[in-house]
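Taken together, the values in this text are just the output of simple stated rules run on the coordinates, not laboratory data. These figures come from a predicted structure and were not determined experimentally. Cβ placement follows ideal geometry from the backbone for every residue including glycine, while neighbour counts extend to all protein chains displayed.
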Amino acid sequence: MSFEESIREYYAALRAGDPLGEFFADDDSVVKFGISDRLAGGSAIRDGLRTQTKRTTDWVVDSQNLIVYDGGEYAAFSDEVRLAWTDTVEDERYEFDTRWSGTLERRADESASAERPVFVGMHVSTARAFR
């Protein structure tokens, strides 16, 4: 799987409400910055994403400018993404124009006896709400 395919697969999983933790390396040094949080370490990222998936629905993930640098074993990416979701606990709809950047690394996928890209860093930010 290419790095770009892996990123797009992550977007599709987010839209579908599928588990997201498997897209991240399980290292203590991996960090994921979201719009309002910072998760450090594979376990914290998995826990945070599991909670997010449980309490959100109706995701819009509209990639508008994905650029991927493929360095072979590593990749860097940036994107502009229209992002929206409903928080089912707060019963509130959120919508943002976001900026994404991050790095991926090819890692062994023991379940598939192959290699696949995983995020080793991700940063999502927004300049302002668009609603």
Query raised in the report: According to the Kirkwood expression over distinct Cα-Cα pairs, how big is the hydrodynamic radius of segment 49-131, in Å?
Result: 14.6
Requested in this report: May I ask you to work out the translational diffusion coefficient for segment 1-99 at 4 °C, viscosity 1.567 mPa s, via Stokes-Einstein with Rh from the Kirkwood sum over Cα pairs, reported in whole µm²/s?
Outcome: 90
**Report entry** Computed [θ] at 222 nm, deg cm²/dmol, the chain (DSSP H ≥ 4; -39,500 (n - 2.57); rounded to nearest 500)
**Finding:** -7000 deg cm²/dmol
Query raised in the report: Where Rh denotes the Kirkwood radius from the mean inverse Cα pair distance, what is Rg over Rh for segment 1-52?
Result: 0.96
Report task. Can you tell me the 0 to 90 degree angle between the C-alpha axis of helix 3-16 and the longest principal axis of the chain, rounded to 10? Result -> 40
Query raised in the report: By how many nm would the segment from Ser2 to Ser36 grow when fully extended, if each residue of separation counts as 0.36 nm and the alpha-carbon distance is taken off?
Result: 9.3 nm
Report task. Could you tell me how many degrees, from 0 to 90 and to the nearest 10, lie between the Cα long axis of helix 42-55 and the main elongation axis, the longest principal axis, of the Cα atoms of the chain? Result -> 40
Query raised in the report: So, in nm, how far is label Gln64 from label Arg15 when the simple model puts each one 7 Å beyond its Cα toward the Cβ?
Result: 1.6
Query - Isotropic mean projected area of the C-alpha convex hull, segment 43-97 (nm²) - result: 5.0
Report summary line: Against the 2.2 N^0.38 Å rule of thumb, the C-alpha Rg of segment 25-73 sits at a ratio of 1.41
Report task. Starting with the highest mean, order 114-120, 36-42 by the number of other Cβ atoms within 10 Å, averaged over the residues of each peptide. Result -> 114-120, 36-42
**Report entry** Sorted peptide list for 101-109, 61-69, criterion being average Cβ within 10 angstrom, highest first
**Finding:** 101-109, 61-69
